[in-house]
Number of protein chains: 2
Amino acid sequence: MLDERKAAILRAVVEEYIATAEPVGSATVARASELAVSPATIRNEMAGLERDGYLTHPHTSAGRIPTDKGYRFFVDNMAPTGNLQPGQRAAVRDFFNRAHGALEQMLHDTSQLLSGLTDYAAVVVGPPHEAATIRSVHLVGLAPKVALLVAVLSNGVVEKRAVELADDVTETRIAAASSHLAQHLTGSALGSLVAPPSIGDVVTDGVVGAAFGGLASGDHSDETDHVFVGGASRMAAAFDTVESVRHVLATLEQQFVVVTLLRDVLDRGLSVAIGAETGLEPLAECSVVVAPYEVEGELAGTIGVLGPTRMNYPQALAAVAVVSQRLGRHLTEG
Amino acid sequence: MLDERKAAILRAVVEEYIATAEPVGSATVARASELAVSPATIRNEMAGLERDGYLTHPHTSAGRIPTDKGYRFFVDNMAPTGNLQPGQRAAVRDFFNRAHGALEQMLHDTSQLLSGLTDYAAVVVGPPHEAATIRSVHLVGLAPKVALLVAVLSNGVVEKRAVELADDVTETRIAAASSHLAQHLTGSALGSLVAPPSIGDVVTDGVVGAAFGGLASGDHSDETDHVFVGGASRMAAAFDTVESVRHVLATLEQQFVVVTLLRDVLDRGLSVAIGAETGLEPLAECSVVVAPYEVEGELAGTIGVLGPTRMNYPQALAAVAVVSQRLGRHLTEG
DNA sequence: ATTAGCACTCAAGTGTACCGAGTGCTAACG
DNA sequence: CGTTAGCACTCGGTACACTTGAGTGCTAAT
């Protein structure tokens, strides 16, 4: 553990570097920190911090910049749990008061909100579907050989699956299958479906089977369906080479990877992953701040912010905390 | 109009610049073009081309690069309507044979495909909803004061709208409203809906009205709902400053702008918009290649590719043409 | 009309010198 | 003994001069 003064110096370096993106030298620290000591003393201490792996040196005659470990210490031991600026607080409140309807739109807009608050990219992962129960199921014929299964879930999500039909299934058979499905599936959780019993008619049974299979099998692809990434362009500004931007963008485009990342971080009991801690090569220069949100007391989903390792952690933590909380409350009530 | 030789030289410059991204000089053109003339002659001609606005000069001792006008001429008069590479042809065929079900998933995947073919960003705009007819409508109660209206359209799209209810509308009233809506709206086009007649019960009528209002009013936001942008990270590689990338990204994130852009270009009867022709400031360094696709003979939607002005037009045109055609055919059949 | 020849331009690369920010070390200080 | 002033040292950045070479535009010869 670091002694009092080393910690203060580290904090000063981190805060300064976050603000300016330039290596910070002993003089700057002496000025910025509350410590009434000379730059020389600061230098000695910084040498120690470097030996212990909290700081680095781009080159001999430059100031210090934090390492991942340095950021980690900063976040764990002294992130001031910043508050949002009053204007931002108001923006969040406004946003959630102007309650929009559909869940998916809501999550999408939330990712925009969060990105706007932080000026980084924001990710919002919707509630998993397995837990939700089915409120209604309908099978609708579309074309001669294809029908669409539409299920409305208790959380407001609408799941749809195309169902391939054998040749010339009549409208009435589809209707029969539809009501049979509705009768047996309504009320059960998507994660634990049991196949409806046979109805006697072999054609209808086939339709029911196909439709049911679509619903049950689709589960694994669920996660992919409701991830919303907002403001990717904002985080571009935080990097200085096109290559870095491309790597990060490419990663953000893989929804599955993003979802996994957030879940991983949460599973490890963290709320921040810094640089290599993300476990993803292309995100080596990035940090992620995550928070779960709860609906009706149950863990429902995750939100997160992705920015450069030198992101404004206090601000990002505050934004994520506030938004996750309000989002959860909003979804619980509405 | 350009004489034979000038055209050949312009073509050589454009093709070379597209390939190398470096200003091309008279010697290179003399080597690359079929013309059996000396660099000096080429120089004279290039000076003419520059005077006429087809080429520019980054600086005195550099080669020439095409202007927007130069690209325009190239595209209009001699884009070789390139063919896809055999491997890519096969990839497209494979893609459309492995027909996935739901329309939206399909469009999303198509944007990925197109982006993969061209290595630029791809945009796919789905069919407008107004033309589609309603195949089925259901109103599903979600929470005490909120229900969800779900409409399945003939093109396979599922529209959903949250409907706010007055206090304590009973399940049976919702059911009544649902079947009343189904009875009167099924079969009509989303663009020309007429309000269902009163049913006698004032509460139920209220629910019906609210639901109907949601459907009818939502039209304008339709376009936003089904634009799919794929491979934005790919086009990052084509630019050399982070700023450029950010501008383009930010534009691509505004779905409405993207849709409008594609429609505008098509409305002007173009299939390519180059640089300033896009009409969008942040896309000054970009070109867009678009094509409509038809479902059952009717114009249904648009696809497009967005890349740098020095994009590989023949390739992009070929890719867009093939994909739009196969997409249309696929949607018509399936 | 074409082209060889040539003077000219200018970006990019190279070497040198210098500045200055910042360090690490040492010796003095309280 | 911790702190600090002083100082030599390091090294990236900038400025400048110089060279190189790609490429042009013009002119005069073919």
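For residues in the range A:41-88 being outside any helix (DSSP H, G or I) and either within 21 Å of A:Thr118 (Cβ to Cβ) or within 23 Å of the chain's Cα centre (by Cα) (or both), which is farthest from DNA strand D (Cβ to nearest atom)?
Within the range A:41-88, the subset outside any helix (DSSP H, G or I) is A:52-67, A:79-85.
Next, only the ones that are either within 21 Å of A:Thr118 (Cβ to Cβ) or within 23 Å of the chain's Cα centre (by Cα) (or both) stay: A:66, A:79-85.
Working: A:Pro66: 19, A:Ala79: 26, A:Pro80: 25, A:Thr81: 29, A:Gly82: 30, A:Asn83: 33, A:Leu84: 35, A:Gln85: 33 Å.
Per the criteria, the residue is A:Leu84.
Looking at the range A:247-262 only, could you name the residues that are out of contact with any strand residue (DSSP E or B) (no Cβ under 7 Å at 6 or more places or on another chain) and surrounded by fewer than 19 Cβ atoms within 10 Å (Cβ to Cβ)? Explain how you work it out, then say what you get.
Our first condition is that a residue be out of contact with any strand residue (DSSP E or B) (no Cβ under 7 Å at 6 or more places or on another chain); within the range A:247-262, this holds for A:247, A:249-251, A:253-254, A:256-257, A:260.
Answer for the range A:247-262, where residues must be out of contact with any strand residue (DSSP E or B) (no Cβ under 7 Å at 6 or more places or on another chain) and surrounded by fewer than 19 Cβ atoms within 10 Å (Cβ to Cβ): A:Ala250, A:Gln254, A:Phe256, A:Val257, A:Thr260.
Could you tell me how many of the residues in the range A:21-40 are near DNA strand C (Cβ under 8 Å from one of its atoms), within 37 Å of the chain's Cα centre (by Cα) and without any contact (Cβ under 8 Å) to a residue 40 or more places away in the chain? Break it down stepwise before answering.
The first filter runs over the range A:21-40 and keeps only residues near DNA strand C (Cβ under 8 Å from one of its atoms), leaving A:22-29, A:39-40.
When the remaining residues are screened for being within 37 Å of the chain's Cα centre (by Cα), the result is A:22-25, A:28-29.
Then keep just the ones that are without any contact (Cβ under 8 Å) to a residue 40 or more places away in the chain; that gives A:25, A:28-29.
The qualifying residues number 3.
For the range B:89-121, enumerate the residues that are over 12 Å from B:Arg326 (Cβ atoms), within 14 Å of chain A (Cβ to nearest Cβ) and in a helix (DSSP H, G or I). Give the steps one after another, and end with the answer.
Narrowing the range B:89-121 to residues over 12 Å from B:Arg326 (Cβ atoms): B:90, B:98, B:100-105, B:107-109, B:111-112, B:115-116, B:118-121.
From the residues that got through so far, the ones that are within 14 Å of chain A (Cβ to nearest Cβ) too are B:98, B:100-105, B:107-109, B:111-112, B:115-116, B:119-121.
Passing the criteria: B:Leu103, B:Glu104, B:Gln105, B:Leu107, B:His108, B:Asp109, B:Ser111, B:Gln112, B:Ser115, B:Gly116.
Starting from residues that are charged (D, E, K, R) and out of contact with any strand residue (DSSP E or B) (no Cβ under 6 Å at 6 or more places or on another chain), keep the ones in the range B:15-31 and report whichever is surrounded by the most Cβ atoms within 10 Å (Cβ to Cβ).
B:Glu15
Taking A:Ala175 as the residue in question, decide whether it is outside any loop (DSSP other than H, G, I, E, B) and surrounded by fewer than 18 Cβ atoms within 10 Å (Cβ to Cβ). So that I can check it myself, show each step before the final result.
Numbers: outside any loop (DSSP other than H, G, I, E, B): yes; surrounded by fewer than 18 Cβ atoms within 10 Å (Cβ to Cβ): yes.
So A:Ala175 passes the test.
Might you check whether a residue that is facing chain A (nearest Cβ under 10 Å), in contact (Cβ under 8 Å) with a residue 40 or more places away in the chain, under 24 Å from A:Leu148 (Cα atoms) and out of contact with any helix residue (DSSP H, G or I) (no Cβ under 7 Å at 6 or more places or on another chain) occurs anywhere in the range B:139-152?
Within the range B:139-152, none of the residues are facing chain A (nearest Cβ under 10 Å), in contact (Cβ under 8 Å) with a residue 40 or more places away in the chain, under 24 Å from A:Leu148 (Cα atoms) and out of contact with any helix residue (DSSP H, G or I) (no Cβ under 7 Å at 6 or more places or on another chain).
Given the conditions (1) touching a strand residue (DSSP E or B) at 6+ places or on another chain (Cβ under 8 Å); (2) near DNA strand C (Cβ under 9 Å from one of its atoms), which single one is not true for A:Ala12?
For A:Ala12, the exception is condition (2).
Only residues that are assigned to a loop (DSSP other than H, G, I, E, B) and without any contact (Cβ under 8 Å) to a residue 24 or more places away in the chain: list them for the range B:153-172, please.
B:Ser154, B:Asp167, B:Thr170
Give the residues of the range B:155-172 that are within 12 Å of another protein chain (Cβ to nearest Cβ) and either on the phi > 0 side of the Ramachandran plot or exposed (fewer than 15 other Cβ atoms within 10 Å of the Cβ) (or both), sorted by residue number.
Those that are within 12 Å of another protein chain (Cβ to nearest Cβ) and either on the phi > 0 side of the Ramachandran plot or exposed (fewer than 15 other Cβ atoms within 10 Å of the Cβ) (or both): B:Gly156, B:Glu164, B:Glu171.
The numbers here are math on the coordinates, done by the rules we state, and not lab data. Computed from a prediction, not measured in an experiment: that's the story for all the values here. For neighbour counting, all protein chains shown are included, and Cβ atoms are generated from backbone atoms with ideal geometry for every residue, glycine included.
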